[in-house]
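Q: One structure, as structure tokens, below. Some questions next.
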Amino acid sequence: MSLEWFDRVCSEMQDNLESICEDYDEIGHMRIDRAAKHPKIEFYVEFEDDDREVFCTLFFDPHNEEFYMEEFDLTLGETYRQILPDIEEILDAVHEVFHNFMDTEVEDEDDDEMDDEEIFEEDDEQVFTDGGEYDVVVDVEWTTPEVLAYSYLDEVEVTYRFGVVTETGDGILHRVNRIFTDDNETIEDETNFIFSKEEAGAIIELIENNMDAMEGFDPS
């Protein structure tokens, strides 16, 4: 079993979707879950109230080394797989699902007398608190999608994203810890770690040399 094809598609999907679809470029995001039995890519949009809604999940079967989507047939009451053999078909399928989702959202907003301005448009700015009265806004070029590092049931998840600070060229790791409550609310704790290229090698070496000393999370 190999994840080489999965990793290749992950590296190309976001840029390709942004290049062929202006709407997705503005509000579309993706998150990678590589640790699952069948690794997956979740595509989602975020709204003004920070709620996010997944509009498409792309699964990967590592045994057969193929991507697929699951669809539910209302007539037969069964779930079946749509196999996507190459990246062109994957892009077309995700693109189609995205626009079907957005068309439904627009119809729902019209029914509720809402407009498209309520969709939150993420820009490439990250806000940092300097400990004083003012916040510092930093321009960031994100080079990876949000990657799922850890999750436990439907209660907790931790994600990371890497970018480059435009002004200085420093690297930035953006970490989000999400807690999902019984009231269907999401509590988010965001942290940012900025480091120079010269520091990166030392950080990687420190982590690699001390992995054995760390303990994993035991929910029991």
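The values are calculated or read from the model by the stated rules, or taken from the named source; none is laboratory data. What you are looking at is a predicted structure, and each value in this text was computed from that prediction instead of being measured. Glycine gets a Cβ as well: all are built from the backbone with ideal geometry, and neighbour counts include every protein chain shown. Heads up: the accessible areas ignore ligands, DNA and RNA and are worked out on the full protein's heavy atoms, side chains in. Shrake-Rupley method; radii C 1.70, N 1.55, O 1.52, S 1.80 Å.
Q: Say we look at segment 22-31 and pick out the residues that are under 19 Å from Ser11 (Cβ atoms) and open to solvent by 20 Å² or more (accessible area, probe 1.4 Å); which of these is modelled with the lowest pLDDT? Break it down into steps so the answer makes sense when it comes.
A: Of the residues in segment 22-31, the ones under 19 Å from Ser11 (Cβ atoms) are 24-25, 28-31.
Filter again for open to solvent by 20 Å² or more (accessible area, probe 1.4 Å), leaving 25, 31.
On the way: Asp25: 78, Arg31: 86.
Applying the filter and picking the extreme gives Asp25.
Q: Can you name the strands (runs of 3 or more DSSP E) wholly within segment 139-204 that have at least 3 residues being hydrophobic (A, V, I, L, M, F, W, C) and open to solvent by 50 Å² or more (accessible area, probe 1.4 Å)?
A: Fully inside segment 139-204 and qualifying: 171-180, 186-195.
Q: Which ones in segment 205-220 are farther than 30 Å from Glu53 by Cβ, open to solvent by 80 Å² or more (accessible area, probe 1.4 Å) and outside any helix (DSSP H, G or I)? Give the steps one after another, and end with the answer.
A: Within segment 205-220, the subset farther than 30 Å from Glu53 by Cβ is 205-216, 218, 220.
Going one step further and asking which of them are open to solvent by 80 Å² or more (accessible area, probe 1.4 Å), we end up with 205-209, 211-215, 218, 220.
Listed by number, the residues that qualify are Met214, Glu215, Asp218, Ser220.
Q: Additional query: Given the criteria open to solvent by 50 Å² or more (accessible area, probe 1.4 Å), assigned to a helix (DSSP H, G or I) and more than 29 Å from Ile179 (Cα to Cα), does Asn100 qualify?
A: On the way: open to solvent by 50 Å² or more (accessible area, probe 1.4 Å): yes; assigned to a helix (DSSP H, G or I): yes; more than 29 Å from Ile179 (Cα to Cα): yes.
Yes: the conditions hold for Asn100.
Q: Does Glu141 satisfy the criteria of being over 24 Å from Cys10 (Cβ atoms) and either under 23 Å from the mean Cα position of the chain (by Cα) or at pLDDT below 85 (or both)? Reasoning before the result, please.
A: Working: over 24 Å from Cys10 (Cβ atoms): no; either under 23 Å from the mean Cα position of the chain (by Cα) or at pLDDT below 85 (or both): yes.
For Glu141, the condition - over 24 Å from Cys10 (Cβ atoms) and either under 23 Å from the mean Cα position of the chain (by Cα) or at pLDDT below 85 (or both) - is not met.
Q: Condition first: assigned to a loop (DSSP other than H, G, I, E, B) and not charged (D, E, K, R). Now tell me which residues in segment 21-49 satisfy that. Explain how you work it out, then say what you get.
A: Step one: of segment 21-49, the residues assigned to a loop (DSSP other than H, G, I, E, B) are 21, 34-39, 48-49.
Selection gives Cys21, Ala35, Ala36, His38, Pro39.
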